[in-house]
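To start, the structure under review is shown below, and the notes come after it.
The values are calculated or read from the model by the stated rules, or taken from the named source; none is laboratory data. Bear in mind the structure is a predicted one, so any value in this text is a computation, not a measurement. As a convention, Cβ positions derive from the backbone with ideal geometry for all residues, glycine included, and neighbour counts pool all protein chains shown.
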Amino acid sequence: MVEGVRGLVETEFEAVVVVGDEVSLFESARQLHVALAVVDLSLQRGDGLGLVRRIRSHFPELKLIVLSVHEEKNAELATIEAGANGFVLKRSIATDLLPAIDVVLAGSAT
């Protein structure tokens, strides 16, 4: 899935950084001053919302889109309440991720 997301995002953006864990995410965000992070909610096993809160706490200006397998509306709401700017279901990445990125970078929530 990671390579699929990378390939999709690289069609629209010049610089794409892919990381596999929270430490790498925080280091990359700090060093590269990224504008947007697309984060798999399952990156932090069992504490995905905690990860979203930690990202928001450390990087309040960072635009954040969360990928999730959880289709329940309350999962999306909880993710947005935790600090994400957008939410995309993993099964819909091919059709929904790039439009979500456009909306979030424009300053709206998805």
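A few notes on this one:
- Some residue of region 35-44 being surrounded by fewer than 18 Cβ atoms within 10 Å (Cβ to Cβ) and touching a Ser or Thr at 6+ places or on another chain (Cβ under 6 Å): no
- Just one of the listed residues (91, 6) is of a type outside the set (A, V, I, L, M) and modelled with pLDDT of 90 or more, and it is 91.
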